[in-house]
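Read-outs: derived from the displayed coordinates by stated rules, not from any lab. Predicted model only: the values in this text are computed from it and were never measured. All Cβ positions, glycine included, derive from the backbone under ideal geometry; neighbour counts span all protein chains shown.
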Amino acid sequence: MSKTLQIIQQHGDSMKPALLRGARLRCPRCGEGRMFSSYLKVAPQCGCCGLDLTPQRADDGPAYVVILIVAHLIGFSLPVMFDLLGDRPTMIAVVLGMASVVLSLAMLPPVKGMFVALQWFKGMHGFRAEAAPVAKA
């Protein structure tokens, strides 16, 4: 049996539940245990189902995705800010700078959780197909 078929049989044919659990900062397998032990530090294992989370290799991927999204949001809001605040470049820079920092810090954990969940679902970087049941999301 191929590895892809084993993964599909284990997790179902949709990765959406695992990604949603990751975005909620929960274990991608059971959805109950916490994925992070601190702000961006992935816990060594799930406290509920015991899933080993040490094989994850999210690295810089989440930061790239967050930068891509936040830069587009800030870039598209620039003309709106000029309409609202007029010709005050310092004020616009402060407002948009603060918004970009807040958005980036808020988006990093859910995006990293989704990266770890994707790696688990696909069996990447040492995550293996397991016989444990998967919770419904």
Open item on the list: I'd like the full set of residues that are in contact (Cβ under 8 Å) with a residue 24 or more places away in the chain, part of a loop (DSSP other than H, G, I, E, B) and under 14 Å from Leu108 (Cβ atoms), limited to the stretch 21-58.
Closed with: Leu25, Met35, Tyr39, Leu40, Ala58
TODO: Kindly indicate which of Asp52, Asp60 is out of contact with any Pro (no Cβ under 9 Å at 6 or more places or on another chain) and within 28 Å of Gly31 (Cβ to Cβ).
DONE: Asp60
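Out of curiosity, is Ser77 hydroxyl-bearing (Ser, Thr, Tyr), under 22 Å from Leu20 (Cβ atoms), surrounded by 14 or more Cβ atoms within 10 Å (Cβ to Cβ) and out of contact with any Lys or Arg (no Cβ under 9 Å at 6 or more places or on another chain)?
Values: hydroxyl-bearing (Ser, Thr, Tyr): yes; under 22 Å from Leu20 (Cβ atoms): no; surrounded by 14 or more Cβ atoms within 10 Å (Cβ to Cβ): yes; out of contact with any Lys or Arg (no Cβ under 9 Å at 6 or more places or on another chain): yes.
So Ser77 fails the test.
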